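As structure tokens, the structure follows; a few thoughts come after it.
The values are calculated or read from the model by the stated rules, or taken from the named source; none is laboratory data. A quick note: this is a predicted structure, and the numbers were derived from the prediction, not measured. So basically every Cβ, Gly included, is an ideal-geometry build from the backbone, and we count neighbours across all protein chains shown.
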Amino acid sequence: MSILDNPKYSYLIGKQNLFFRIWKKLFYYYCSFVFTVYTPVKVKGRKNIPNTSAIFCSNHNSHMDVALISFAIKKSFNHFGMLAAIDYWFDSFVKKTLTNIVMNLIPVSRKSEKEENSLSFEDTVVLCKKFMEHDQRNIVIFPEGSRGTSDAILPFRKGAARFAQALKKPIVPIYISGSSKSWPKGKIFMRPCRITINILEPIEPRDYISNNKDEFSLSNIITSHLEKRIKDERIRNKI
């Protein structure tokens with residue numbers, strides 16, 4: 001049976017029901033108000049946003065980073081899906097439903113495909129493709145894998161590069177400065193802070209295709225370039 005036939009993931013296919021669309025739109029307006037009044041956000045590089053579906057990748061220091069990317073792109077949460085660990089976010093119907101009210105979670109396994117409740121990379125790719133087909137929706141991936149700290153960027157994993165190659169979609173690197181001060185890891189409430197979002201030039205997977213490189217090598221190269229761009233932008237922001 002195809003993963004697309006599984007009713008658990010039907011919300012990722014085509015237009016969602018009105019209830020979820022309204023809540024995602026309302027949450028987007030709420031975040032826009034917060035990012036305009038409470039934590040003023042400055043966005044640079046909007047000219048680098050592709051006209052088609054893309055994979056947006058940024059450093060990850062706060063739970064507010066997905067909302068910041070949505071605000072920077074000027075599209076509501078209806079237009080974004082976020083890869084989420086199937087063993088954590090999908091282990092509870094209540095947890096998955098409450099989260100999906102404001103975000104479209106796309107399951108991905110971080111365990112071996114042979115383990116129980118795991119999902120193959122190919123199945124996640126199929127879900128991503130189907131999700132992005134409707135209304136040129138986008139995917140958000142945090143290459144660090146988990147939230148880091150403001151004074152360091154964790155080593156990037158190859159997931160974003162692998163999905164970009166499989167989906168044939170550009171990666172848009174983003175550097176976010178200030179979110180860790182506004183809502184740091186371990187804190188319950190946000191606090192006022194100026195935030196800057198730098199949208200960098202897209203990375204096109206097809207530009208790295210070579211007859212002398214296998215898929216694994218290409219993933220390493222793309223990941224290295226993605227990490228360098230974001231780290232270089234971090235350095236420029238500190239000068």
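Within the range 1-45, how many residues turn out to be within 23 Å of K169 (Cβ to Cβ) and assigned to a strand (DSSP E or B)?
Summing the residues that are within 23 Å of K169 (Cβ to Cβ) and assigned to a strand (DSSP E or B) in the range 1-45 gives 2.
What strands (runs of 3 or more DSSP E) lie completely within the range 46-122 and have 1 or more residues being polar (S, T, N, Q) and in contact (Cβ under 8 Å) with a residue 24 or more places away in the chain?
55-58, 104-108
Just one of the numbered conditions (1) among the aliphatic types (A, V, I, L, M); (2) within 13 Å of M82 (Cβ to Cβ); (3) outside any strand (DSSP E or B) is not true of A161; which one?
Against the list (1) among the aliphatic types (A, V, I, L, M); (2) within 13 Å of M82 (Cβ to Cβ); (3) outside any strand (DSSP E or B), A161 comes up short only on (2).
Return the residues of the range 41-58 that are at pLDDT below 95 and touching a strand residue (DSSP E or B) at 6+ places or on another chain (Cβ under 9 Å); say none if nothing qualifies.
Scanning the range 41-58 gives no hits.
Of the residues S10, S53, only one is hydroxyl-bearing (S, T, Y), under 24 Å from K130 (Cβ atoms) and over 18 Å from the mean Cα position of the chain (by Cα); which? Full working, then the answer.
Working: S53 fails: over 18 Å from the mean Cα position of the chain (by Cα).
Checking each option against the conditions leaves just S10.
Which condition breaks for L26 when tested against (1) farther than 21 Å from K129 by Cβ; (2) loosely packed, with under 12 Cβ neighbours inside 10 Å; (3) free of Cβ contacts under 8 Å to residues at least 60 places away in the same chain; (4) not small (G, A, S)?
That leaves (2) as the condition not met.
I'm trying to understand the selection: among the residues of the range 66-101, which are more than 19 Å from E133 (Cβ to Cβ) and in contact with a Lys or Arg (Cβ under 7 Å, 6 or more places away or on another chain)?
The answer is A85, D87, W89, F90.
Only one of I239, I235, I171, I188 is modelled with pLDDT of 95 or more, closer than 24 Å to A72 by Cα and either among the hydrophobic types (A, V, I, L, M, F, W, C) or exposed (fewer than 12 other Cβ atoms within 10 Å of the Cβ) (or both); which? If you could, list the steps in order and put the result at the bottom.
Working: I239 fails: modelled with pLDDT of 95 or more; I235 fails: modelled with pLDDT of 95 or more; I188 fails: modelled with pLDDT of 95 or more.
Result: I171 is the single residue among I239, I235, I171, I188 that is modelled with pLDDT of 95 or more, closer than 24 Å to A72 by Cα and either among the hydrophobic types (A, V, I, L, M, F, W, C) or exposed (fewer than 12 other Cβ atoms within 10 Å of the Cβ) (or both).
For G14, which of the numbered conditions (1) closer than 15 Å to G81 by Cα; (2) surrounded by 13 or more Cβ atoms within 10 Å (Cβ to Cβ) fails to hold?
So G14 meets the others, but not (2).
Of all residues in the range 220-235, count the ones that are polar (S, T, N, Q) and within 24 Å of N198 (Cβ to Cβ). Step through it out loud before you land on a result.
Taking the range 220-235 first, the residues polar (S, T, N, Q) are 220, 223-224.
After this cut, where a residue has to be within 24 Å of N198 (Cβ to Cβ) as well, the list is 223-224.
Number of matching residues: 2.
Which condition breaks for K130 when tested against (1) within 15 Å of S62 (Cβ to Cβ); (2) basic (K, R); (3) in contact with a Leu (Cβ under 8 Å, 6 or more places away or on another chain)?
It is condition (1) that K130 fails.
State the number of residues belonging to the range 205-223 that are without any contact (Cβ under 8 Å) to a residue 60 or more places away in the chain and closer than 19 Å to Y175 by Cβ.
0
Taking the range 155-185 only, how many residues are more than 14 Å from the chain's Cα centre (by Cα) and not basic (K, R)?
Going through the range 155-185 one residue at a time, the tally reaches 11.
If the requirement is being under 25 Å from K44 (Cα atoms), out of contact with any helix residue (DSSP H, G or I) (no Cβ under 7 Å at 6 or more places or on another chain), charged (D, E, K, R) and free of Cβ contacts under 8 Å to residues at least 12 places away in the same chain, which of these qualifies: K231, K238, K187?
On the way: K231 fails: free of Cβ contacts under 8 Å to residues at least 12 places away in the same chain; K187 fails: under 25 Å from K44 (Cα atoms).
Residue meeting the stated conditions: K238.
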